[in-house]
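*Asks:* Handing you a structure now.
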Amino acid sequence: MNMGRKRSLTVRDFALSVKADAIAEDGTFTGYGSVFGVTDSYGESVEPGAFKDSLADLKAKGRNVPILWQHSWDKPVGVYSSLEEDATGLKVTGKLLVENVRQAAEAH
């Protein structure tokens, strides 16, 4: 792995920047699933408080949230261990199942 380098991945019609050293060799990572106040390629923007109710519901139910391959519900590639809303956006910590799932290794 090239530590510290920034790679860019083109997804649909926008670029997603990924900092390579943010993902550990075992597949664990921390980052943002959504950032507040940024207009996306669909012209939409997420505002602070958007995740408050959903996060409270997940916590009350003790539910784990899967990490999905290309947003496909039938293709889990890992699990989030922490989801929280902070001043920047939806901060997530998770682990890709790099040793057990081929697509998780691809994502890694």
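*Asks:* Tell me the carbon and sulfur percent of the accessible area for segment 24-82, rounded to whole percent, probe radius 1.4 Å.
*Replies:* 52
*Asks:* Tabulate in residue order the Karplus-calculated ³J(HN,Hα) for segment 91-108, using 6.51 cos²θ - 1.76 cosθ + 1.60 with θ = phi - 60°, rounded to whole Hz; enter x for Gly and Pro.
*Replies:* Per-residue couplings from phi come out as 8, 10, 10, x, 9, 7, 7, 5, 8, 10, 10, 3, 5, 5, 5, 4, 5, 4 Hz.
*Asks:* How many nm is it between the label spots at residue 61 and residue 81, if each spot is 7 Å from the Cα in line with the beta carbon?
*Replies:* Distance between the two pseudo-spin positions: 2.3 nm.
*Asks:* Which whole-Hz ³J(HN,Hα) couplings does segment 47-54 yield from phi under the Karplus relation 6.51 cos²θ - 1.76 cosθ + 1.60, θ = phi - 60°, glycine and proline marked x?
*Replies:* Each residue's phi maps through the Karplus curve to give 9, x, x, 4, 9, 3, 5, 5 Hz.
*Asks:* Another question about this same structure. For residue 73 and residue 30, what does the FRET efficiency come to when R0 = 25 Å and r is the distance between their Cβ atoms, rounded to the nearest 0.05?
*Replies:* That gives a FRET efficiency of 0.60.
*Asks:* Let me ask another. Find out how many positive minus negative residues lie around residue 67, taking Lys and Arg as positive, Asp and Glu as negative, among other residues whose Cβ is under 11 Å from that of residue 67.
*Replies:* Once positives and negatives cancel, what remains is +2.
The values are calculated or read from the model by the stated rules, or taken from the named source; none is laboratory data. Keep in mind that this is a model prediction, so the values were computed, not measured. Every residue, glycine as well, gets a Cβ built from its backbone with ideal geometry; the counts of neighbours run over all protein chains shown. With ligands, DNA and RNA removed, areas are computed over all heavy atoms of the protein, side chains included. Shrake-Rupley method; radii C 1.70, N 1.55, O 1.52, S 1.80 Å.
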